[in-house]
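What follows is a short report on a single structure.
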Amino acid sequence: MEINIGITSEQESNEFLRCLWAEMGKEFGKCGWNYAPNKKLIKNRIFFGFMDIGVSTDIAVSITYKERGTIKNIYFELPDKFDAIPKSMEFHHRIKAVVNNAKRNIGQYSSFQFAPIICLTLPLATYEGRYFKTEIVDDFYTRFRFEVKGYDRNQVGGNAVKKIIQVMEFLSVETNIPIWKEKYSENHGSLLKTEIFQEDNDFIDGYSIVDKKYIVLSMEGKLMLDKILSPDERDDENLELFLKACHHFYTARMYDAGLSENYSDDLLVIDDKTDYPLQSLDIELAISRRRGNSDTEIATTLYLSALEVLTLIDFKGENCSCCGQPKYQISKRVRSLVGHYLNDDVAKSLNDYYDKRSKYLHTGMKLTIDEPTTSIIPLLDMNEKSGCKIPIQVSLPNLREYVSYCMRKFYKENLI
């Protein structure tokens, strides 16, 4: 069965496919997949796999295209020899009707409400934006209420997971605090009488906390959450890049939070003195300690990578005059960014961190000593500028604060 679609952009093509699979599920009661994508069988044709809609046979589904990312025709065929579905088969006309319905119903979304709970070391102060609302559930739990639009539960469920993860990743940048997603059965929630904001526009040290009671957002942070949680999604390449940078930062922060405290106070690289009273958090940290002994190295790599992604926003590259390849100049862009928001001295120190990260990735040089001791033992190292062995090559608290500060300044200047 060949049906003309005639869509000429990847975004519109995917929107049609989302609507189509949802319509299949509505009509037949299910739309499962043996998903085996392949585009090598026939020129300009992409084979999705075999669709299970609960009829007498699986159905081979494929599309043809003129340009990559577009759909010229869609094909529904019998699986053995990719023969056309006979018109005599009961579901032939039903499939054709579903495709026509999908064409008509593109953009006709249903709305679904979600209320996931996240866990922090203190409750997040309560806020109500245009597209979200927060509630304090317990001493460490905060509920986010927001709406997601989509074609069916399957699709909006995945979108809701994506949204809350993006929220957690952004909040980690906004507050410097590690955040967990939690399953929590309490239905009650409380609100503060007024919204509390971080009033220090140059906040950099420690955490965004007021009166040792509440984790707080900046006013711009509240606006950013509205952008992230807007149910009427629009393509925003700059926002997507920023959220990718937040992902790197958040992942680094979780490694950072899970550092094993096996050193003396002289050597401790984490300044997080907070006791994590929740058993679940203790389990999370215990798991992170079992990942291995490279947390400092991984966190350093990802913190610096967050800045690299940030510099891609509105980046217009040029090609090398000799070889024609793109000139990215990543470290130069990062130094410029840090110098702009902080100062040249910090930019130079991050450049030194870059060198250390490169040595870790390409030569295996660790950023922490292999033999932690209860007190410092001065030793020589001919490869160090000081001539001495350095127990901790990178100060993660400083790096974390430099990176999050630059990211906060950047989004407030460029994305709000």
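One residue stands out in segment 189-210 among those that are loosely packed, with under 14 Cβ neighbours inside 10 Å and either among the aromatic types (Phe, Trp, Tyr) or more than 30 Å from Val338 (Cβ to Cβ) (or both): the one that is modelled with the highest pLDDT, namely Thr194. Of all the criteria given as (1) surrounded by 13 or more Cβ atoms within 10 Å (Cβ to Cβ); (2) within 34 Å of the chain's Cα centre (by Cα); (3) in a strand (DSSP E or B), the one not satisfied by Leu122 is (3). Whenever a residue of segment 333-358 is touching a residue at least 40 places away in the same chain (Cβ under 8 Å), its partners that are part of a helix (DSSP H, G or I) and aromatic (Phe, Trp, Tyr), lying with C-beta atoms within less than 8 angstrom and at least six residues away or across chains, give the pairs Leu337/Phe410; Val338/Tyr402; Tyr341/Tyr405; Tyr341/Phe410; Leu342/Tyr402; Leu342/Tyr405; Val346/Tyr402; Leu350/Tyr402. If only residues of segment 51-91 that are over 37 Å from the mean Cα position of the chain (by Cα) and assigned to a strand (DSSP E or B) are counted, the one that is surrounded by the most Cβ atoms within 10 Å (Cβ to Cβ) is Glu77. Restricting attention to segment 358-398, the residues being loosely packed, with under 10 Cβ neighbours inside 10 Å and within 28 Å of the chain's Cα centre (by Cα) number 2. The residues on offer are Phe144, Phe170, and the sole one that is among the hydrophobic types (A, V, I, L, M, F, W, C), assigned by TED's automatic domain parsing to the domain that holds Phe203 and either part of a strand (DSSP E or B) or touching an Asp or Glu at 6+ places or on another chain (Cβ under 8 Å) (or both) is Phe144. Can Leu267 be described as surrounded by 20 or more Cβ atoms within 10 Å (Cβ to Cβ), over 30 Å from Lys149 (Cα atoms), of a type in the set (A, V, I, L, M) and at pLDDT below 95? So Leu267 does not fit the description; no. Within segment 88-120, the residues that satisfy the criterion of being in contact with a strand residue (DSSP E or B) (Cβ under 8 Å, 6 or more places away or on another chain) and among the polar types (S, T, N, Q) are Ser110, Ser111, Gln113. Could you run through segment 11-31 and say how many residues are under 28 Å from the mean Cα position of the chain (by Cα) and loosely packed, with under 14 Cβ neighbours inside 10 Å? The qualifying residues number 2. Here Lys30 meets each of (1) of a type outside the set (A, V, I, L, M); (2) under 20 Å from Arg94 (Cβ atoms); (3) out of contact with any strand residue (DSSP E or B) (no Cβ under 8 Å at 6 or more places or on another chain); (4) part of a loop (DSSP other than H, G, I, E, B) with one exception, condition (3).
Going by the structure shown, is Gly69 modelled with pLDDT of 95 or more and either touching an Asp or Glu at 6+ places or on another chain (Cβ under 6 Å) or under 23 Å from Val156 (Cα atoms) (or both)? Break it down into steps so the answer makes sense when it comes.
Details: modelled with pLDDT of 95 or more: no; either touching an Asp or Glu at 6+ places or on another chain (Cβ under 6 Å) or under 23 Å from Val156 (Cα atoms) (or both): yes.
Taking the combined requirement at face value, the residue does not satisfy it.
Farther than 20 Å from Gln155 by Cα and of a type outside the set (D, E, K, R): is that true of Ile53 in this structure? Considered against the rule, which asks whether it is farther than 20 Å from Gln155 by Cα and of a type outside the set (D, E, K, R), Ile53 comes out as no. Checking the structure you have, find out if any residue of segment 183-202 is of a type in the set (A, V, I, L, M, F, W, C) and within 21 Å of Leu399 (Cα to Cα). No, the conditions are met nowhere in segment 183-202.
The values are calculated or read from the model by the stated rules, or taken from the named source; none is laboratory data. Keep in mind that what you see is a predicted model, and the values were worked out from it rather than measured. Neighbour counts run over all protein chains shown; Cβ positions are idealised from the backbone, glycine included.
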